[in-house]
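Derivation of every value follows stated rules applied to the coordinates shown; laboratory data play no part. This is a predicted model, so every value here is computed, not measured. Glycine also receives a Cβ, built like all others from the backbone with ideal geometry; neighbour counts cover every protein chain displayed.
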Amino acid sequence: MAGHSNAYSLSTGLIADPEWNRLHSLLQDADNFENWESLIRATEALEGGIGRSSSTETIEQIRILFDAFLRKFPLLFGYWKRYADIEFAVAGSDAAEVIYRRGVAGIPNSVDLWTGYCSFKMDTCPDEDEVRDLFDTAAEFVGIDFLSHTLWDKYIEFEERLERPDMVMQVLERVTRIPMHQYARYFERYTQLSASRPVEELTSQEEFDRVSGTLSGELAQKDEKMLPTEIDRELRIRIQKLHVTRFTEVQQETMRRWPFEAEIKRPYFHVKALDETELVNWRRYLDFEEIEGDFRRIRFLYEKCLVATAFYDELWFRYVRWLSAQEGDHREDIRNVYRQGSGIFVPIGRPAFRIAYAHFEEAEGDYDLARDIFESILTELPGNIETIIARANFERRVAGVNSAIAVYTSAIESGSCDVYTRGALIAEWARILWTVKGSPEDARVLFEKYADHYLDSKYFWINYLQFEIQLPSSSETEAERYRYVSKVHNAIRTKTRLPPLAIKDLSHTYMVYLLERGGPGTIKEYNKLDIEVNG
């Protein structure tokens, strides 16, 4: 499965290596992940390995290759790090940081990539405030991940290197509020360090102010005074009680999520299909968090889920619908989800998500963008019935019936549709003439005109028969209605080249019509058909 199938384009002949050129030629099939991997490995090995001594041509090739690969597969965090390492080797830390920034923009919920970026920053940036700011940014993006301990460990290591136990306490105080895999280890470390730290560092400023304010109020009410050492000891006791309570709460929240996390065997992106058991687990995990009702946690889980399930449009749809149901204005967030899913991940062979994106932009009043989305689908899937019908209905809503008919006629005449598709589009065209334009006569003329052209199109004949059956009639006109319906059914049985089972199904529809609306004598026809059709 893959999003788009645009072939990778790169001039050949720039690398004097026959094996490299052979691997490069295989990327005409740009959806084959193994071919990409082989070419990347071969390019990395050119000239004994990429480095500052590599030729300009080789460096340019590796950049073009990684850029093209990561445009197609932006969720592969390991390749962003490989690309950053190459840039660091050939151009230095500034160039590497550009790649890290692109990487975390492309996959902002990757604990591994953020941890790698922060580690790189620790080793290359002398400005401790700049590094700390990056850690804080990373914590905002992925700090609540169940397996985010690698990031928090690196953050603590950074502060320890600077010999800043006060900042270590701040980090520990933050992380002990998060349900995660290694929660107990952080509580233990917090407890050990808190014994030697000032009481003001033991909790957040807000909580400390609240606890000390409560104590001051109690002393004032009782008209009591305490020595500074006694106040310190009392504050420590009260904060410790809060800490124990928090530990219990975090432990419970961790245990509630543990079964879901334990079932995630492949949390990373891969081009191979995901096991059904994992898909079921993601659905149940999302159900759980949605019931819990924490917006930030729900949203983070959706973003995490869509890394592993990026090719599954059901979960993109679910994310959009959940966002749409939240309070506040989330239109830009929804638009970004549509862009991400339809631009790269959801396979173009399943156009429903892209059609939904067009509907979203139509609802927002951007008709030109909606048209562009429809056109982009049909560029990749010319003749796709679902998209053509959706496009025609869009034009009917925003520009009128004639514009919808123009979509059908254009598609039918384009040469991009097979016989079955053209028959289906004729039927949809007739439906508009009848149900929207209010002209059943024109619809019948259209069906009769093309009947001999689409003898193989089941869709055409199903709709032709239903059209004649469903037209309203009075007792005076039922006999005429019967003549039209019977004519279509006779053509289905004697002229069309439909499969026997399809003809049998349509005959059953006709037989129901005879029972429910047939006049005197039609029961004989019914009995005869019952023998012929059902044996």
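Numbers below:
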| read-out | value |
| --- | --- |
| Length released on extending from D452 to R284, taking residue separation times 0.36 nm less the Cα-Cα span | 55.3 nm |
| Positive-end residue of F187, L215, I388, charge dipole of the chain with Cβ unit charges | I388 |
| Reachable lysines, given that their alpha-carbon falls under 28 Å from the alpha-carbon of K121 and they are not under 8 places away in the same chain | K72, K81, K154, K304 |
| Diffusion coefficient, µm² s⁻¹, Stokes-Einstein with Kirkwood Rh over alpha-carbon pairs of the chain at 20 °C and 1.002 mPa s | 73 |
| Contour excess over end-to-end distance, with Cα ends at R431 and E157 and 0.36 nm allotted per residue | 91.8 nm |
| Those lysines that a straight Cα-Cα span of less than 27 Å connects to K437, excepting residues fewer than 8 apart in one chain | K449, K458, K487 |
| Distance (nanometres) between label positions extended 7 Å along Cα→Cβ at S439 and E207 | 7.4 |
| Inter-label distance, nm, simple model (7 Å from Cα along the C-beta direction), E525/A352 | 3.9 |
| Computed label-point distance, nm, for sites R238 and N393 using a 7 Å Cα→Cβ extension | 6.3 |
| Net lengthening on full extension, R483/T277 (0.36 nm per residue, minus Cα-Cα) | 68.7 nm |
| 37 °C / 0.692 mPa s Stokes-Einstein diffusion coefficient of region 166-262, Kirkwood radius on C-alpha pairs, µm²/s | 225 |
| Computed E for A406/L147 - FRET, C-beta separation, R0 60 angstrom, nearest 0.05 | 0.65 |
| Relative exposure of T421, T248, T137, T409, judged by other C-beta atoms within 10 Å (fewest first) | T248, T409, T137, T421 |
| Normalised contact order of the chain, rounded percent, pairs of Cα under 8 Å and 6 or more residues apart | 8 |
| Charge dipole of the chain about the Cα centre (unit charges at C-beta), most positive-ward option of A105, W258, I59 | W258 |
| Check: region 166-262 dipole with +1 on Lys, Arg Cβ and -1 on Asp, Glu Cβ, in debye | 380 |
| Estimated vicinal HN-Hα couplings, Hz - region 48-61 in sequence order (Karplus 6.51, -1.76, 1.60; Gly, Pro = x) | x, x, 6, x, 4, 7, 5, 5, 4, 5, 5, 4, 5, 5 |
| At most 15 other Cβ within 10 Å, DSSP loop - GluC sites (Glu not before Pro), region 309-392 | E327, E364 |
| Folded to 0 to 90 degrees: helix 165-175 orientation relative to the chain principal axis, Cα | 30 |
| About the Cα centre, charge dipole magnitude for the chain (Lys/Arg +1, Asp/Glu -1 at Cβ), debye | 2060 |
| For region 324-438, convex hull of alpha carbons as volume per residue, Å³ | 109 |
| Dipole axis of the chain (+1 Lys, Arg; -1 Asp, Glu on Cβ), positive-most option in L455, N534, V445 | N534 |
| Taking M122, M511 and counting other C-beta atoms within 10 Å, the order from fewest to most | M122, M511 |
| Total formal charge among the other residues, if their Cβ is under 12 angstrom from that of A42, Lys/Arg +1 and Asp/Glu -1 | -3 |
| Neighbour-count ranking [beta-carbon atoms within 10 angstrom, fewest first] of V175, V104 | V104, V175 |
| All lysines inside 29 Å of K225 as judged from Cα atoms, apart from same-chain residues fewer than 8 positions distant | K241 |
